[in-house]
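The values are calculated or read from the model by the stated rules, or taken from the named source; none is laboratory data. Note that the coordinates shown come from a computational prediction; the quantities given were computed from them, not determined experimentally. Cβ placement follows ideal geometry from the backbone for every residue including glycine, while neighbour counts extend to all protein chains displayed. Protein only, heavy atoms only, side chains kept; ligands, DNA and RNA dropped before computing areas. Shrake-Rupley method; radii C 1.70, N 1.55, O 1.52, S 1.80 Å.
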Amino acid sequence: MSRLAAQEKGEYYPTPPAVIERIAAALHVSPVKDKPVLRLFDPCAGEGLALGQLAEALRPRLPEGVEIETWGVEINPRRAAEAAQRLNVVVEAPFEAAAWKPGQWGAVSLLLLNPPYDYSQTQHKRMETFFLEKATPALETDGLLAYIVPTASLEWNALRHLALWYDDLSIYRFPDEGGLFEQFKQCVIFGRR
């Protein structure tokens, strides 16, 4: 898809359900001791499908009494309205204008990040890197990251940020089954803050 075509559709690239299944299977989430909430955050929530699916996959694996909260940010009004049907809290706004306040809302246990794939003229960096840098502070200590990006857009600044802010880093390309890697040329990077 050309850059102009991607911008026309709002840089919206929903994560395939088969990839979310694999992400859920790879995650070893455990709530912080004495914390009854596992908070999941998607700053590019789209229609809320990916985060909703991830929450449903994780829910049966949690100890009794632990609840999941799903939070999302979405710039597109139609997609934000769809996401609001699936997630606990949705903020309709550009991510750049939405500031997560851990002291007010609590820290995030899991960050699902599938940002726009483009270069930001205002930030002077790739959007993938900007979203990663801006979303990282929302994660609690030992919080988990699932960062979905095209393999071609992994740049030095993003890799440096990952190395400085995250431990236990691992990277997996989209699966070959169903032609997902061939179609999207993307990978998932996992890390623990």
Check your understanding: To the nearest 0.05, what FRET efficiency results for residue 96 and residue 151 with a Förster distance of 35 Å applied to their C-beta separation?
Key -> 0.90
Exercise for review: Would you look at the GNM of the chain, springs on alpha carbons closer than 10 Å, and say which of 181, 95, 41 moves the most?
Suggested key: 181
Review point. Restricting to the chain, what percent of DSSP beta bridges are antiparallel, rounded to 5?
Key: 45
**Study point:** Fully extended contour minus Cα-Cα distance, from residue 142 to residue 67, at 0.36 nm per residue
**Key:** 25.2 nm
Review point. Using a Förster distance of 22 Å, how high is the FRET efficiency between residue 124 and residue 173, based on the Cβ-Cβ distance and rounded to 0.05?
Key: 0.20
Review point. For residue 35, which aspartates and glutamates qualify as cross-link partners when the Cα separation must be under 13 Å and same-chain residues fewer than eight apart are set aside?
Key: 64, 67, 69, 140
Exercise for review: Would you look at the GNM of the chain, springs on alpha carbons closer than 10 Å, and say which of 36, 17, 60 moves the most?
Suggested key: 60
Exercise for review: For residue 59 and residue 35, compute 0.36 nm times the residue count separating them, minus their Cα-Cα distance, and round to one decimal in nm.
Suggested key: 7.1 nm
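On average, how much accessible surface per residue is there in the range 116-191, in Å², for a 1.4 Å probe, leaving out ligands, DNA and RNA?
Counting only protein heavy atoms, the per-residue value for the range 116-191 is 51 Å².
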**Study point:** Cut-off under 5 Å, modelled amide H: who pairs with residue 143 long-range
**Key:** 193
Check your understanding: How big is D for the chain, in µm² s⁻¹ as a whole number, if Stokes-Einstein is applied with the Kirkwood radius of its Cα pairs at 4 °C and 1.567 mPa s?
Key -> 77
Check your understanding: For the range 34-87, what is the accessible area per residue in Å² when the probe is 1.4 Å?
Key -> 47
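Quote the relative contact order of the chain in percent (integer), defining contacts as alpha-carbon pairs under 8 Å separated by 6+ residues.
Dividing the mean separation by the residue count of the chain yields 17 percent.
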Study note, to complete from the structure: Counting only protein heavy atoms and leaving out ligands, DNA and RNA, the solvent-accessible surface of residue 165 at a 1.4 Å probe, in Å² to the nearest 10, equals 110
Review point. Using a 1.4 Å probe on the protein chains only, how many percent of the accessible area of the chain belongs to carbon and sulfur?
Key: 53
Revision key, fill the gap. With Cα springs under 10 Å, the Gaussian network model of the chain assigns the largest mean-square fluctuation among 52, 72, 178 to 178
